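To start, the structure itself, in structure tokens.
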Amino acid sequence: MNCNIAVIKGDGIGPEVVTEAMKVLDAVGKKYGHTFNYEQLLMGGCSIDKYGEPLTDETVAIAKTKDAVLLGSIGGNTQTSPWYKLPPNKRPEAGLLKIRKELGLFANLRPAYLYPELKEACPLKESVAERGFDMMIMRELTGGLYFGDRYTKEVDGVMTAVDTLTYNENEIRRIAVKGFDIAMKRRKKVTLVDKANVLDSSRLWRKVTEEVAKDYPEVTYETMLVDNAAMQLVKDPAQFDVMLTENMFGDILSDEASMITGSIGMLSSASLNETKFGLYEPSGGSAPDIAGQNIANPIATILSAAMMLKFTFDLDKEADAIENAVKKVLEEGYRTIDIAKPGEPQVKCDEMGTLIAERV
Ligand code: IPM
Ligand code: MG
């Protein structure tokens with residue numbers, strides 16, 4: 001198969017981890033007879049430096065001609081980087097929001113899985129970690145507070161800021177359907193996380209999701225308030241299979257879920273639209289404090305490349321080969337600094353990439 005991929009390495013550790021994911025993809029290509037054609041594009045701070053904006057329309061247009069986007073990370077240190085002296089709509093993050101919106105990537109999948117080998121890196125009580133967990137956070141990605149009208153102005157002499165949270169039933173239905181479809185391939189449970197005791201938008205999510213649930217009689221469907229969900233994630237994460245939720249709640253809960261896996265450097269993600277097109281990126285950020293030191297964990301990005309093979313190219317066998325290679329290196333005891341126990345030998349970012357590539 002011929003696979004055309006836009007590669008956006010981005011800022012911080014992005015270039016280091018994406019290089020390793022490309023190494024692993026090329027190993028897959030060699031073994032299974034596929035060609036991965038990469039076109040490198042700029043987004044985030046590096047695009048600001050070159051073009052004066054975080055994502056140009058030309059870059060979006062090129063990305064649209066590809067099958068998928070493989071992304072590293074964007075942004076820098078918000079205290080010290082000159083990028084954060086710019087108005088909000090010119091900062092690196094604005095590029096990320098623009099590409100999500102322009103490509104219609106409404107469904108963000110963030111799997112949180114506790115590798116048995118990394119149980120000791122899990123910050124939860126041993127009795128909780130012992131049981132393991134394997135969940136998929138399905139976060140709505142192109143609506144809600146992130147894309148509502150916002151402004152700051154003086155009202156009766158008082159500075160007032162307004163952000164609006166809007167969802168219509170179609171936006172809810174399309175992601176709910178994706179959530180239930182994915183649950184059917186997993187353990188057949190969907191938990192809708194909302195704040196229906198306060199928010200109108202959440203009450204609409206409940207109404208629409210309940211309707212969708214009727215089409216999936218095999219799936220166990222439940223609702224949970226977001227504050228309780230935050231608590232349950234640290235108390236009993238094994239109870240979750242697919243966690244379906246709106247944009248802002250998903251942003252927060254997916255960081256919490258990633259942390260309990262031991263390291264945010266382990267978590268992949270896929271952002272999908274209604275077609276096979278997808279954007280694949282690690283859930284973690286650009287980690288500017290460790291950028292350029294070759295110590296970042298490339299596994300999240302490598303697993304994101306595996307998601308790309310599965311969701312965009314339907315190459316399930318090849319995706320499994322990557323996932324198994326990751327399991328193997330962990331079983332063999334190789335660790336980057338973020339997942340190493342004190343005294344355990346550590347490998348660098350590029351060594352980890354090579355070890356995984358050798359095992360696909
Ligand atoms: C994420 C990030 C982004 C978000 C930021 C960088 C705008 O935190 O992908 O979770 O809030 O969506
Ligand atoms: Mg986030």
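Residues considered: G250, G278. Of these, the only one that is small (G, A, S), within 16 Å of ligand 2 (Cβ to nearest atom) and either surrounded by 18 or more Cβ atoms within 10 Å (Cβ to Cβ) or over 20 Å from K185 (Cα atoms) (or both) is G250. On inspection, T245 does not qualify as more than 15 Å from ligand 1 (Cβ to nearest atom) and either of a type in the set (S, T, N, Q) or closer than 21 Å to F106 by Cβ (or both). Within segment 56-70, if we keep just the residues that are outside any helix (DSSP H, G or I) and under 19 Å from the mean Cα position of the chain (by Cα), the residue that is surrounded by the fewest Cβ atoms within 10 Å (Cβ to Cβ) turns out to be D67. One residue stands out among those in segment 71-85 that are among the hydrophobic types (A, V, I, L, M, F, W, C) and not in a strand (DSSP E or B): the one that is nearest to A291 (Cα to Cα), which is I74.
Listed by first and then second residue, the pairs with beta-carbon distance under 7 Å, at least 6 apart or on different chains, first residue in segment 107-118 and free of Cβ contacts under 8 Å to residues at least 40 places away in the same chain, second in a loop (DSSP other than H, G, I, E, B) and more than 13 Å from ligand 1 (Cβ to nearest atom), are P116/G132. For segment 112-147, give me each residue that is within 14 Å of ligand 1 (Cβ to nearest atom) and of a type outside the set (D, E). A112, I137, M138, R139, L141, T142, G143, G144, L145, Y146, F147 - these are the residues of segment 112-147 that are within 14 Å of ligand 1 (Cβ to nearest atom) and of a type outside the set (D, E). Here K276 passes the criteria (1) within 20 Å of V7 (Cβ to Cβ); (2) part of a helix (DSSP H, G or I) except the one numbered (2).
Under the condition of being of a type outside the set (D, E, K, R), closer than 29 Å to A183 by Cβ and surrounded by 22 or more Cβ atoms within 10 Å (Cβ to Cβ), which residue from segment 74-110 is nearest to ligand 1 (Cβ to nearest atom)? The residue in question is L96. Within segment 262-273, being in a loop (DSSP other than H, G, I, E, B) and either free of Cβ contacts under 8 Å to residues at least 12 places away in the same chain or crowded, with 24+ Cβ neighbours inside 10 Å (or both) holds for L267, S268, S269. Kindly check whether there is at least one residue in segment 12-32 that is more than 22 Å from the chain's Cα centre (by Cα), assigned by TED's automatic domain parsing to the domain that holds A300 and more than 30 Å from E323 (Cβ to Cβ). No; the residues of segment 12-32 include none that is more than 22 Å from the chain's Cα centre (by Cα), assigned by TED's automatic domain parsing to the domain that holds A300 and more than 30 Å from E323 (Cβ to Cβ). Within the option set A287, A291, A296, being more than 30 Å from N170 (Cβ to Cβ), among the hydrophobic types (A, V, I, L, M, F, W, C), outside the structural domain of L141 (by TED's automatic domain parsing) and within 16 Å of ligand 2 (Cβ to nearest atom) holds for one residue only, A287.
The number of residues in segment 230-247 that are away from ligand 2 (no atom under 16 Å from the Cβ) and either in a helix (DSSP H, G or I) or at pLDDT below 95 (or both) comes to 7. Taken together, the criteria place K50 among residues that are surrounded by fewer than 22 Cβ atoms within 10 Å (Cβ to Cβ) and farther than 14 Å from K98 by Cα.
The values are calculated or read from the model by the stated rules, or taken from the named source; none is laboratory data. Everything numeric in this text was worked out from a predicted model, so none of it was measured. Note: ideal-geometry Cβ built from the backbone for every residue, glycine included; neighbour counts use all protein chains shown.
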